[in-house]
Amino acid sequence: MPETKPKDRENWRDNVKTVIYAILIALVIRTLAYEPFSIPSGSMLPTLLIGDYIFVAKYPYGYSKHSMPLSPPLFSGRINESRVERGDVAVFKLPTDNSTDYIKRIIGLPGDRIQVTGGVLHINNKAVKRKRVEDFVNRQPSARYGRVAQYEEILPNGRTYLTLDLHSDSVADDTDVYVVPAGHYLEIDLQNFIDSPGV
């Protein structure tokens, strides 16, 4: 059996060190700075398409246990928390579902009264400005809808985004009033109050 030369041993050690350093750097970046996500559903159309890959900044809202891989229960709450703005797109986990990442647009802040009337979003009893723009054409192979009515909405703080009207006169076009509890936010689907706006 040929004897391993000291230079070969040194090269092997250097390669192992390089791999370990690369893994540690990637973990630090993923924990403190950015994390990649893929978009599994069309709930954020037309902003995000199914299959899109995005990098999410982790520091704008501070850090929670979900900021780290495997969500270890090292602490509760958030560290270095900052204010959530209406119109932000946030990644979060529901308290009732700790395994799924949700990506949604925040429309309701604590204390807000949110309602949809006649298909128009109302925040604190005022209609959100909305104008019709050209139709959204979904060219993805898995698309259930081809050409869809598209609107630009302008939130009270000036943030704009596009929305789709998949079904006119649907159940979601006229809702009850949702009052956002203290310490919570409401995302655009009007399905979930969230208290953890970021991972």
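The values are calculated or read from the model by the stated rules, or taken from the named source; none is laboratory data. Keep in mind that what you see is a predicted model, and the values were worked out from it rather than measured. Neighbour counts are summed over all protein chains in view; Cβ atoms, including those assigned to glycine, are modelled from backbone coordinates with ideal geometry. With ligands, DNA and RNA removed, areas are computed over all heavy atoms of the protein, side chains included. Shrake-Rupley method; radii C 1.70, N 1.55, O 1.52, S 1.80 Å.
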Worksheet entry | Those residues of segment 108-125 which are more than 14 Å from residue 182 (Cβ to Cβ) and open to solvent by 50 Å² or more (accessible area, probe 1.4 Å), in sequence order | 115, 117, 118, 124, 125
Practice prompt. With respect to residue 82, determine if the residue is of a type in the set (Ser, Thr, Tyr) and in contact with a Gly (Cβ under 8 Å, 6 or more places away or on another chain).
Written response: yes
Item to complete: For segment 82-192, please list each of the strands (runs of 3 or more DSSP E) lying entirely inside it that holds at least 3 residues being modelled with pLDDT of 90 or more.
Response: 97-108, 113-117, 120-123, 129-137, 147-154, 160-165
Item to complete: Would you mind telling me which numbered condition in (1) open to solvent by 40 Å² or more (accessible area, probe 1.4 Å); (2) touching a strand residue (DSSP E or B) at 6+ places or on another chain (Cβ under 6 Å); (3) touching a residue at least 12 places away in the same chain (Cβ under 8 Å); (4) closer than 22 Å to residue 88 by Cβ residue 147 fails?
Response: (4)
Worksheet item: Mind checking whether some residue in segment 85-100 is in contact (Cβ under 8 Å) with a residue 24 or more places away in the chain, surrounded by 12 or more Cβ atoms within 10 Å (Cβ to Cβ), within 24 Å of residue 183 (Cα to Cα) and of a type in the set (Gly, Ala, Ser)?
Response: yes
Worksheet item: When residues of segment 117-167 are filtered for being within 22 Å of the chain's Cα centre (by Cα) and aliphatic (A, V, I, L, M), how many remain?
Response: 9
Practice prompt. May I ask you to list pairs of residues, at least six apart or on different chains, whose Cβ atoms are under 6 Å apart, with the first in segment 174-187 being open to solvent by 60 Å² or more (accessible area, probe 1.4 Å) and the second being in a loop (DSSP other than H, G, I, E, B)?
Written response: 182/110
Worksheet, complete the sentence: The residue that is modelled with the lowest pLDDT, considering only those in segment 12-70 that are of a type in the set (Val, Ile, Thr) and part of a loop (DSSP other than H, G, I, E, B), is 50
Practice prompt. Would you be able to say whether some residue in segment 24-31 is among the charged types (D, E, K, R), surrounded by 13 or more Cβ atoms within 10 Å (Cβ to Cβ) and free of Cβ contacts under 8 Å to residues at least 40 places away in the same chain?
Written response: yes
